[in-house]
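Student: Next up is a structure, given as structure tokens.
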Amino acid sequence: MNDEFYVGYLPMPRSYKQFLFVLVPLLAVGAIIASVMMTSQQSDPGPGTWDLNNTVTLSGVLRSEPYPMLIVPGDDDGATRNILLVTMGKIGGSALNLPEDGGSMSVTGYPISRGGDTALLTIEDPVGGVVQESDQHQAQWSPKTLGAATLSGQIIDPKCYFGAMKPGEGKVHKACATLCINGGIPPMFMTTDAQGERTYYLLLNEAGDGIAGDQLETMLPFIADPVQISGQVGRVGDLLMLRIDPADIDRM
């Protein structure tokens, strides 16, 4: 019996060379195919952007409830734009040095946006006088009720989802989204229709206030998971809102 045996300091046996000549290309092709299949299964991160190279300055009216936001004039259709205010890190706009509710102000910061949907403005310096108060006047806040609805989707933190991070949704983002919303980033609910179009709703409690305290603790475990929510839909300018009882959120 004369079996070939590989010894490192001796020439490789012919049968080993023939085996490797076939195996190595097959492994390379298999790795390429596996890589293509894995990448094809990944979700498109979408058109979200967070432009840290440029700042913008927006002027409008401060609305501190249900969440801090700047109400600015809309386009030709006359609808106001509602810009949610957040700051660096996993912190909401309530940490900013803001004037009284209803005051006119200018805010400078980095724009965060996703495909033309509701944008957020990250404040460049929340304490150093970026926000300036001028004449006081009452912000117009008259939500139009659109009726009851039961919607399926997931709770997202809009700062990350609209562009601060990619991906900004799903299981891989659950821990980050939970910390963001627990830190004061306004929670939003995202739905997707049969054509893949996404709609975003700012989540409020049944009284129309921001979700906080025990209600927030009830909602946190459901963030970034597929859930079903029932509530009252409303609209102010370009902003859709959904009033819910967090205790009624159902996991799908």
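Quick note: the coordinates plus some simple rules give every number you see, no bench work behind them. Just so it is clear, the model here is predicted, and its values are computed rather than measured. For neighbour counting, all protein chains shown are included, and Cβ atoms are generated from backbone atoms with ideal geometry for every residue, glycine included.
Student: From the phi angles alone, apply the Karplus equation (6.51, -1.76, 1.60; θ = phi - 60°) to the stretch 243-251 and give each ³J(HN,Hα) in whole Hz, x where the residue is Gly or Pro.
Tutor: 8, 9, 9, x, 5, 9, 5, 10, 6
Student: How high is the relative contact order of the stretch 144-251, in percent, with contacts defined as C-alpha pairs under 8 Å that are six or more residues apart?
Tutor: Result for the stretch 144-251 is 35 percent.
Student: What number does the stretch 144-251 give for Rg over Rh if you use C-alpha atoms and the Kirkwood radius? Each step should come with its number before you reach the end.
Tutor: Values: Rg = 12.7 Å, Rh = 13.7 Å.
On the Cα set of the stretch 144-251, Rg over Rh gives 0.93.
Student: Another question, then. Quickly rank 156-163, 26-33 as a protection proxy: mean count of other C-beta atoms within 10 Å, highest first. Don't skip to the end; give the middle numbers.
Tutor: Numbers: 156-163: 26.9, 26-33: 10.0.
Peptide ranking by packing, descending: 156-163, 26-33.
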